[in-house]
Number of protein chains: 2
Amino acid sequence: MTTPPIAKALLFDVFGTVVDWRSSIIDELTQFGTTRGLKADWVALTDEWRALYQPSMEAVRSGTRAWTILDVLHRESLDALLAKHGLNAVTTADREHLTRAWHRLRPWPDVVQGLTRLKRNYIIGTLSNGNVGLLTRLAKNSALPWDVVLGAETARAYKPLPEAYRSAATLLNLPPNEVMLVAAHNGDLAAAANAGLRTAFVGRPTEYGPHQTVDFKADGPWDYVATDFGNLATQLGCTP
Amino acid sequence: MTTPPIAKALLFDVFGTVVDWRSSIIDELTQFGTTRGLKADWVALTDEWRALYQPSMEAVRSGTRAWTILDVLHRESLDALLAKHGLNAVTTADREHLTRAWHRLRPWPDVVQGLTRLKRNYIIGTLSNGNVGLLTRLAKNSALPWDVVLGAETARAYKPLPEAYRSAATLLNLPPNEVMLVAAHNGDLAAAANAGLRTAFVGRPTEYGPHQTVDFKADGPWDYVATDFGNLATQLGCTP
């Protein structure tokens, strides 16, 4: 068995890798519709909301827009989609509540136990495009036992820009090759590897529900490939 | 009983408020001297090391020096003091080990239990001039249950500059008056109050050992004054 040099810190992509954003947002929107007596295709609205995620960050990445946190981008995308779906009557307070649904996303079932094991041997934290306030509340709501919460603002760069990965290592006083990104997305891992980090793929084949077209399996030379966080902990020698 | 509006997040000064840096560093240096067969006044060296803390940050605060993290400042101060004490023979590896003693500081006895109670009702985190890597390892070594670790780099400003306090609130998506600084130092609390934060004083009258001259008690109109973290938790209505 050839074990690559082990990292000292494991940093996790969050949306999709740690939390099941799709079913969480569908449930929040459906519940909201029931409470307010509003009818809409909440599943479609969820998928459209997420589809605006990358484009909304791209303006910031490219420098055509000043630094803007994800909470603000999420809100702008929501406003556009409510208009599209004929839901202009939704109040400002409700829009704020719905935007904060991204602070309440549920983790996949293996996450809390897996992180608890991994934390025994490694510094564990986030390496996410989410803003620090979002990630902090997400962790608190679900008892995610992070040692450190690193968000987009701590780098002032959105993944997959190299600076997003390198700055996380710098903040932990570690060279990039002592930090491993754990992610369910091959593209994220490729960018992390290019920035000098170690890589671990954990499959989340139901992240996009029936619309999933990529990331069913590892498609790069990642240091580890695991079925879930518990399996990763076992591969890394963490006690049960 | 008049209770001021309660903050949503409690952020803690770390050196002196959360951890007993003086006895921790004295013990580390004394142990080091024994192991290496080196004689020196380790207590004096500890107090001199801490005495260089504020001057070393002042060059950064004033803008005469580019942004520099505390680990680097600690190391420079140590190098100067080892020379002063005739300890030039200490190796680079040992200097690095001793600098990292600030990553291993012990918490005061009431801290872990008090934070655990406070965490039930509030977001809890650091608001320290320590760098993120230092604060993360400090927390991991002593099981400090922070929700979020905010260090000097997340503001790129050293306390007591107002930006250090305001940026912490911004990172948590909170207005300053929904964040409370908990500190054992009246000057820190005064700066936090000027930046719009709430304030809680927790006395640490033995922080500087026989050299303590200030901060025996609260000397400003702080929102809360507590004897330790457990007492603060009780005043804030957290369950035992």
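The values are calculated or read from the model by the stated rules, or taken from the named source; none is laboratory data. Note that the structure is a prediction, hence the values are computed from the model and not measured. Please note: Cβ atoms are built from the backbone with ideal geometry, for glycine as well, and neighbour counts cover all protein chains shown. Areas reflect the complete protein model, heavy atoms only, side chains present, ligands, DNA and RNA absent. Shrake-Rupley method; radii C 1.70, N 1.55, O 1.52, S 1.80 Å.
Looking only at residues in segment A:150-159 that are facing chain B (nearest Cβ under 9 Å) and more than 14 Å from the chain's Cα centre (by Cα), the one that is surrounded by the most Cβ atoms within 10 Å (Cβ to Cβ) is A:Thr154. When every residue of segment A:199-215 is checked against the conditions, at least one turns out to be crowded, with 19+ Cβ neighbours inside 10 Å, aromatic (Phe, Trp, Tyr) and closer than 27 Å to A:Ser23 by Cα.
Applying the criterion of at least 1 residues that are within 11 Å of another protein chain (Cβ to nearest Cβ) and touching a residue at least 40 places away in the same chain (Cβ under 8 Å) to the helices (runs of 4 or more DSSP H) found wholly in segment A:68-144 leaves A:70-84, A:111-121, A:132-142. If you filter segment A:152-196 down to residues that are in contact (Cβ under 8 Å) with a residue 24 or more places away in the chain and either β-branched (Val, Ile, Thr) or touching a Cys at 6+ places or on another chain (Cβ under 7 Å) (or both), you find that the one that is farthest from B:Leu135 (Cα to Cα) is A:Val182.
Looking at B:Asp147, B:Asp94 in this structure, which one is more than 13 Å from the chain's Cα centre (by Cα) and assigned by TED's automatic domain parsing to the domain that holds B:Ala66? Don't jump to the end; show me each part of the working.
On the way: B:Asp147 fails: assigned by TED's automatic domain parsing to the domain that holds B:Ala66.
Exactly one of B:Asp147, B:Asp94 is more than 13 Å from the chain's Cα centre (by Cα) and assigned by TED's automatic domain parsing to the domain that holds B:Ala66, namely B:Asp94.
The lone criterion from (1) more than 27 Å from B:Ala200 (Cβ to Cβ); (2) in the same structural domain as B:Gly209 (by TED's automatic domain parsing) left unmet by B:Gly63 is number (2).
The rows are residues; the columns are (1) over 30 Å from B:Arg137 (Cα atoms); (2) within 19 Å of the chain's Cα centre (by Cα).
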position: A:Val14; (1), (2): no, yes
position: A:Arg36; (1), (2): yes, no
position: A:Asp41; (1), (2): yes, no
position: A:Leu78; (1), (2): yes, yes
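Regarding B:Gly187, is this residue open to solvent by 20 Å² or more (accessible area, probe 1.4 Å), out of contact with any Asp or Glu (no Cβ under 6 Å at 6 or more places or on another chain) and on the phi > 0 side of the Ramachandran plot? So B:Gly187 does not fit the description; no.
Table: residues versus (1) of a type in the set (A, V, I, L, M, F, W, C); (2) open to solvent by less than 60 Å² (accessible area, probe 1.4 Å); (3) at pLDDT below 95; (4) not assigned by TED's automatic domain parsing to the domain that holds A:Lys119.
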{"residue": "A:Gly33", "(1), (2), (3), (4)": "no, yes, no, yes"}
{"residue": "A:Leu38", "(1), (2), (3), (4)": "yes, yes, no, yes"}
{"residue": "A:Asp71", "(1), (2), (3), (4)": "no, yes, no, yes"}
{"residue": "A:Ser77", "(1), (2), (3), (4)": "no, yes, no, yes"}
{"residue": "A:Ala89", "(1), (2), (3), (4)": "yes, no, no, yes"}
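For segment B:99-128, filtering for residues that are farther than 24 Å from B:Leu171 by Cα, out of contact with any helix residue (DSSP H, G or I) (no Cβ under 6 Å at 6 or more places or on another chain) and surrounded by 17 or more Cβ atoms within 10 Å (Cβ to Cβ) leaves 2.
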